[in-house]
Structure formats: C-alpha cells, structure tokens
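> Before I ask anything, here is the structure I am working with.
The values are calculated or read from the model by the stated rules, or taken from the named source; none is laboratory data. What you see is a predicted model, and the numbers here were worked out from it, not measured in a lab. No Cβ is skipped: glycine too gets one built from the backbone with ideal geometry, and neighbour counts run over all protein chains shown. Please note that ligands, DNA and RNA were not included when accessible areas were found on the heavy atoms of the full protein model with its side chains. Shrake-Rupley method; radii C 1.70, N 1.55, O 1.52, S 1.80 Å.
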Amino acid sequence: IFLPFLTDQPYPYTANTDVFAKPGPQELSDIFIASLASFIRTGDPNNELLPEKWQAWTPENRAEIVFDADTEKANVYLHSDDTSYDGILNELEADNSINADSKNYIIKNILNGRWFSGGLDAKYHNEN
C-alpha cells in the first residue's frame, strides 16, 4: 500500500514534490481509503465513491480495480487483464509522473527487498 494515499504525513520520497497535494491525488486518496476500509470491514471494496461496482475475483472473472490519477482528477476503473511482472517493470520504467530523484529513492529504498521485488532488485541492482 502506497502510504501517501493513506495519510497526510510526509515521507522522504514526497518531500521534493507537491503532487500529493493536487486535486487528483487527493480524490484518489479518498476513494482508496474508502475502498480499503470497506474491504477490511466486509471483504468487499465496493463503496459509494467507487465509480463502478466491483464483482468478486474468480479465475473466470479476473476483475481488478485500477486506482490512478493525474494531477487534476482520479481515474478509478475496473479492468480485467493478465498482468505480467515484466509488464509492470516496463510501466515503472516508463512512468515519469514523479521526478527522477524521487522515483529512484522509491525503487532503491521502498520497493527493494520485498517478497515481490526480486526482478525489480535485479533490474535496478538494488541491495537487499
């Protein structure tokens, strides 16, 4: 869980950007918190802020909720796709929504050494 969407507390990787104070990320934070709270309470992330009703994931219905935003507006939608690890790494590499120093800090200090980060750590030569 990306902590800046759960709290207004400062983090080292948000210190050099005001992107989280913009309307889009603020709206995204509200939707994300409401969805997470609903999921924790009931096992179902649906709530009044989600623009579409999520149907439970099954092998036949690989429904995902995509939480995204630009600086002005949240973009939350349902998506069904087979996402690959390499595809995620490619998207991460192409993402320029934050400055390079903040992105590098996140890759080297936040995402490294996690259960999911073997490929990421190898790609960016992260120490575990």
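> Looking at Glu72 and the list (1) surrounded by fewer than 12 Cβ atoms within 10 Å (Cβ to Cβ); (2) not in a loop (DSSP other than H, G, I, E, B), which single condition is not satisfied?
(2)
> Sticking with this structure for a sec: If I ask for residues that are open to solvent by 40 Å² or more (accessible area, probe 1.4 Å) and hydroxyl-bearing (Ser, Thr, Tyr), which ones from the stretch 18-61 would you list?
Thr42, Thr58, listed by residue number.
> Continuing with this model, one more query. Give Glu93, Glu72 a once-over and let me know the one that is more than 19 Å from Leu6 (Cα to Cα) and charged (D, E, K, R). First the steps, then the outcome.
On the way: Glu72 fails: more than 19 Å from Leu6 (Cα to Cα).
One residue alone meets the criteria, Glu93.
> Looking only at the stretch 112-126, how many residues end up being of a type in the set (A, V, I, L, M, F, W, C) and within 13 Å of Ile88 (Cα to Cα)?
Qualifying residue count for the region: 2.
> For the stretch 104-121, give me each residue that is closer than 15 Å to Gly87 by Cα and either of a type in the set (Val, Ile, Thr) or open to solvent by 40 Å² or more (accessible area, probe 1.4 Å) (or both).
Phe116, Gly118
> So for the stretch 75-93 (the condition being open to solvent by less than 70 Å² (accessible area, probe 1.4 Å), out of contact with any strand residue (DSSP E or B) (no Cβ under 7 Å at 6 or more places or on another chain) and within 18 Å of Phe20 (Cβ to Cβ)), does at least one residue qualify?
No.
Residue-by-condition table, conditions (1) modelled with pLDDT of 90 or more; (2) more than 24 Å from Asp81 (Cβ to Cβ):
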residue	(1), (2)
Leu3	no, yes
Thr14	no, yes
Asp18	no, yes
Leu28	yes, no
Trp54	yes, no
Arg62	no, no
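> If I go through the stretch 90-124 residue by residue, how many of them are in a loop (DSSP other than H, G, I, E, B) and under 16 Å from the mean Cα position of the chain (by Cα)? Before you say what the answer is, go through the steps one by one.
Here is the first cut: in the stretch 90-124, the ones in a loop (DSSP other than H, G, I, E, B) are 95-99, 111-117, 124.
Now drop any that are not under 16 Å from the mean Cα position of the chain (by Cα), which leaves 95-98, 111-112, 114, 116-117.
Count: 9.
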